[in-house]
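Sharing a structure, written as structure tokens. Questions coming.
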Amino acid sequence: MSLPESIHLEIVTPEQRLVNEVVDEVVLPGSEGSLGVLPGHTPLLTTLGIGELMYRRGTARRFLAIAWGFAEVLPDRVSVLAEIAERAEGIDRERALKARDRAVARLRGRTADTDIKRAQVALQKAIIRIQISEGVGPKEPS
Amino acid sequence: MAKARELRRRIRSVENTRQITKTMEMVATSKLKRAQDRVAAARPYAAALAELLADLYSRDLAERFPLLRQPAGAARRVALLLITSNRGLCGAFNGNLIREARQRMAELEGAGTEVELHGIGRKGIGFFRYVGRALASQRQDIGDRPTPAHAAEVMGPLMDRFAGGELDAVEVVYAQFKSPLSTPPAVMRILPVTPPAGAARRIGGPADRRGPRAAQPPIRPSAPNYILRPSGDEIVGAILPLYVRNQMFRALVETAAAEQGARRTAMKNATDSAGDMIDALRRTFNRARQAQITQEIAEIVGGAEALKG
């Protein structure tokens, strides 16, 4: 059996289909760490954590923020079922920054009725959004 | 002349009503379009999730995962969720849903099962308040645009209680969105999770046909050949709640779309009837007016004749 030369990538969330195209490489935020997939990968099923998903077609790279869900990897296709997925272009950086500050403030000044888990999730989401939005343009050396 | 004036007032009033129903029809049409898009957009995820679950499912899992536990014997306690719209003026839409729910309740109670009713949407809640049936929970804040978060909020406590053995099943009464004109009520059993049959894996709706998958079957190994990370059990454990929530989400989205379809149909009928009514009234009005003119002419002629003497 010859190896496939490309991957059909499909990214869906409960609300919409975000990506449905043919790509050369996918990097997934697996729950046990980042996971790179090239055509011909062994069948794999994994849960996803919170992080950035990158896919490449030729030299064009695209980034998405992903939170929770599953990825099913087959030699010639990758299906990502994400609870939350957002394109880098669609992220409002200002809003994400504000959300992060809010979540931090909530965690700092927490009282008995603060929903800690919710604040933590909000914080994580905000941080990944900020990271993704920074990843779009050329990365500046820090 | 009193009759003509009366008729003119009625014509004006029906015209006003027609204008309102016509506007509502147009609003419903545009909302329907968007709701329909959401139903279609939710399909790939639901299909992919069902496929994944069908791949992973095996009979022995049922013993390890509480969400898969089939009730032994007859169910003792069942939660029935009724989704209705928040607003009326959509024909028999809510009535049909309520009837379906009552029928299902009677069926379950006839079999000796205790039914607790949960209401989503003002109309259903209002009805059961009227007949004096207590609701275990109710919410009216899920409007035209249900989100996965709504579904998670509704199902969260029910899943916990099902897993804890307090409930033997969770069912939802919702409106299937087959087309804008066909929105029959239906009962769906969400818990225990009934895995989608492996054979019916391709839920080949029109939405799926575009994918390259339909053209050539993918190289798909059977489930045991997968590398599973973290472990099979953990994946199944994570996928089941997602599947449950997604079922609920789909019921909400379909009902929302069905409501707009039903409203559009109802308002179109109302607009058409108003038009018919106006035609009939106008005809009567013209006849009355003409009769009066004829009578006046006859009187004038009669008067002139009398003067000639």
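Here is a yes/no grid of residues against (1) out of contact with any helix residue (DSSP H, G or I) (no Cβ under 6 Å at 6 or more places or on another chain); (2) modelled with pLDDT under 90; (3) not assigned by TED's automatic domain parsing to the domain that holds A:ASN20:
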position	(1), (2), (3)
A:VAL37	yes, no, no
A:LEU44	yes, yes, no
A:GLU52	no, yes, no
A:ILE66	yes, yes, no
A:ASP101	yes, yes, yes
A:ARG108	yes, yes, yes
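So which residues in the stretch B:152-188 are more than 18 Å from B:GLY124 (Cα to Cα), surrounded by 14 or more Cβ atoms within 10 Å (Cβ to Cβ) and among the aliphatic types (A, V, I, L, M)?
Result: B:ALA152, B:MET155, B:LEU158, B:MET159, B:ALA163, B:LEU167, B:ALA169.
Inspect the stretch A:115-122 for any residue being surrounded by 14 or more Cβ atoms within 10 Å (Cβ to Cβ), touching a residue at least 40 places away in the same chain (Cβ under 8 Å) and not aromatic (Phe, Trp, Tyr) and give the result as yes or no.
Scanning the stretch A:115-122 turns up no residue that is surrounded by 14 or more Cβ atoms within 10 Å (Cβ to Cβ), touching a residue at least 40 places away in the same chain (Cβ under 8 Å) and not aromatic (Phe, Trp, Tyr).
Looking only at the stretch B:77-88, decide whether some residue is within 14 Å of another protein chain (Cβ to nearest Cβ) and either of a type in the set (Asp, Glu) or touching a Ser or Thr at 6+ places or on another chain (Cβ under 8 Å) (or both).
Within the stretch B:77-88, the subset within 14 Å of another protein chain (Cβ to nearest Cβ) is none.
Among the residues of the stretch B:77-88, not one is within 14 Å of another protein chain (Cβ to nearest Cβ) and either of a type in the set (Asp, Glu) or touching a Ser or Thr at 6+ places or on another chain (Cβ under 8 Å) (or both), which makes the answer no.
If A:LEU45 meets every condition in (1) within 22 Å of B:ALA46 (Cα to Cα); (2) within 14 Å of the chain's Cα centre (by Cα); (3) within 10 Å of another protein chain (Cβ to nearest Cβ) apart from one, which number is that one?
The one condition A:LEU45 does not meet is (2).
Does the stretch B:128-145 hold any residues that are of a type outside the set (Asp, Glu) and either outside the structural domain of B:LEU81 (by TED's automatic domain parsing) or under 23 Å from B:ALA35 (Cβ atoms) (or both), and which are they?
The first filter runs over the stretch B:128-145 and keeps only residues of a type outside the set (Asp, Glu), leaving B:128-140, B:142-143, B:145.
Scanning the stretch B:128-145 gives B:GLN138, B:ARG139, B:GLN140, B:ILE142, B:GLY143, B:ARG145.
Listed here are the residues, each with its yes/no results for (1) out of contact with any Ser or Thr (no Cβ under 8 Å at 6 or more places or on another chain); (2) facing chain A (nearest Cβ under 10 Å); (3) surrounded by fewer than 22 Cβ atoms within 10 Å (Cβ to Cβ).
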site	(1), (2), (3)
B:TYR226	yes, yes, yes
B:PRO241	yes, no, yes
B:ASN246	yes, yes, no
B:VAL253	yes, yes, no
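Filter the stretch B:56-76 down to the residues that are among the basic types (Lys, Arg) and either in contact with a strand residue (DSSP E or B) (Cβ under 7 Å, 6 or more places away or on another chain) or in a helix (DSSP H, G or I) (or both) and list them by number.
B:ARG64, B:ARG76
Give the residue that is surrounded by the fewest Cβ atoms within 10 Å (Cβ to Cβ), with candidates limited to residues of the stretch B:83-125 that are polar (S, T, N, Q) and over 18 Å from B:PHE177 (Cα atoms).
Applying the first criterion (polar (S, T, N, Q)) to the stretch B:83-125 yields B:84-86, B:94, B:96, B:103, B:113.
Going one step further and asking which of them are over 18 Å from B:PHE177 (Cα atoms), we end up with B:103, B:113.
Working: B:GLN103: 13, B:THR113: 18.
Per the stated criteria, the residue is B:GLN103.
Still on this structure: Filtering the stretch B:23-58 down to residues that are more than 14 Å from chain A (Cβ to nearest Cβ) and buried (at least 16 other Cβ atoms within 10 Å of the Cβ), which residue is farthest from B:LYS178 (Cα to Cα)?
B:MET24
Quick one: is B:ARG287 farther than 30 Å from B:ASP37 by Cβ, modelled with pLDDT of 90 or more and either of a type in the set (Lys, Arg) or part of a strand (DSSP E or B) (or both)?
yes
The values are calculated or read from the model by the stated rules, or taken from the named source; none is laboratory data. Nothing here was measured: the structure is a model prediction, and the numbers come from that model. Note that we place each Cβ from the backbone using ideal geometry, even for glycine, and neighbour counts take in every protein chain shown.
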